[in-house]
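Single-structure report; data block below.
The values are calculated or read from the model by the stated rules, or taken from the named source; none is laboratory data. All figures in this text were calculated on a predicted structure; none of them were measured in a lab. Because the Cβ atoms are built from the backbone with ideal geometry, glycine has one as well, and the counts that use them run over all protein chains shown. Note: areas computed on protein heavy atoms with side chains; ligands, DNA, RNA excluded. Shrake-Rupley method; radii C 1.70, N 1.55, O 1.52, S 1.80 Å.
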Amino acid sequence: MDDADRAGNRPPEGQPGGDVDERRYRRHQRQHQHHHQHQRGRRYQHQHHHQHQQRQHRQHHQQQRQHRQYQRQQRCSHCTYPIADELVQGTDDAPGPFCSEACRDAAAADEIVRDDGYKRFTTGVEPLETLVPRGVPSDAFVLLTGDEGTRRTELTTELVWRALTRGEPAVIVAFTNPPIAVLERFFALDWNPLPYLEMDRLRIVDCFTHRLEDRDAFENTRNDWGRFVGDVAEDAVVAVRDPSDVREVANALDRALDDLEMTETGVVVLDSIDEIDTLVQDRLIHNFVTDVRATVCKARFVPMFASATTSGDRAYPIDDEYVFDGIVDFRLADDVIPETRLTQLGVRKLVGAQFVPQWETYAVSPGRGLFTFDPETESTDVFTRID
């Protein structure tokens, strides 16, 4: 193309050669526009093709993610745990899916298929439900530790009561009080344990009475109500003759659990580790906790709660925190509302469960048990309503 074909260099119309050059220029412009449109169309097709490939790539990865998520959501029909990899198809005798051939074979052999209930349980105690909303692991040994006056005894009593009302058995290991006094805790909260004693759903491992120097005198000083309750509870009491022998205590606990056929059901409470500390050496307490944690919690999937009082800088009578699966701290807080001392609890540790890391303010009311409230807005109403 010469200079005459470029805009600004062609001869003006009306001059010699102007008409021819004008037609040539316009033809060139049309060719240039057509070429530009063709190139633009090719670029569009290339971009469209690239975007289509990207969409297909994203869809493929999304389908893979959904497939993996679907497989993770699927649970084995036998062990109830998530299927980690490729599922194992079932058979006519044992419909699947299964996570492994072992589970498929066990299901085909009519072995017990566990549901997820035994792996964690709902305490029914409002402050604990608030802090551990998905439930406490059923194989947990939990320490309840804190100041005097924080109503830990009411909490252990309610743990037993909630289990009984759910239709489950319960065992109380009593070092601090005789069986009659243990039962009086339920009556004080307007709960009646007598029907559950009659239904053979409750055991009290008595580690207190045999410590008395004159047991007969103690028995003779009971009033009519005490004798009545004692007679009703007689078959539910497992006596320990030497509470300083932690092996005897552990054996008595095993007998109580066997009597109630407690495996994957119920709850055990121990009141309290402080009293064991007065009877035996620290190392024996450590061994006792380790043994019952293994034989009760881990082997039977029965949760256990033990209380202890904070004393000075020592949080509990055992220096090894790791022996407990969970630790719930109790405290008296006097910095929330002026001239008011409030009871609060918080979960410090709970292996195998998610919990809310905060202090929960609570109170106790007969018939209701422990309940939470907002100290800044509800304190006046709460303490005027409590009987």
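Nearest 0.05, what FRET efficiency do residue 320 and residue 231 give at R0 = 45 Å with Cβ-Cβ as r?
Working: r = 42 Å, r/R0 = 0.94.
Using R0 = 45 Å, I get an efficiency of 0.60.
Hydrodynamic radius of the stretch 193-283 by the Kirkwood approach over all distinct alpha-carbon pairs: 14.6 Å.
In the stretch 110-258, what percentage of the DSSP-assigned beta bridges are antiparallel, given to the nearest 5? Walk me through the intermediate numbers first.
On the way: 2 of 10 bridges.
Rounded to the nearest five, the antiparallel share is 20 percent.
In the full protein context, the stretch 235-387 carries 49 Å² of accessible surface per residue, based on a 1.4 Å probe and ignoring ligands, DNA and RNA.
Tell me the carbon and sulfur percent of the accessible area for the stretch 247-349, rounded to whole percent, probe radius 1.4 Å. Solvent-exposed carbon and sulfur of the stretch 247-349 make up 42 percent of the total. Taking only the alpha-carbon positions of the stretch 134-192 and ignoring solvent, what does the Debye formula give for the base-10 log of I(q)/I(0) at q = 0.15 Å⁻¹? After summing over all Cα pairs, the log10 values are -0.51. Protection proxy ranking for 210-223, 193-206, 354-367, using the average of other Cβ atoms within 10 Å per residue and placing the highest first: 193-206, 354-367, 210-223.
With only Lys, Arg, Asp and Glu charged, each at its Cβ (+1 for the first two, -1 for the last two), find how big the charge dipole of the stretch 234-387 is about the Cα centre; round to the nearest 20 debye.
On the way: 14 positive and 31 negative charges, 65 e Å.
Here the stretch 234-387 has a charge dipole of around 320 debye.
Normalising the average separation of contacting C-alpha pairs (under 8 angstrom, six or more residues apart) by the number of residues puts the relative contact order of the stretch 163-223 at 43 percent.
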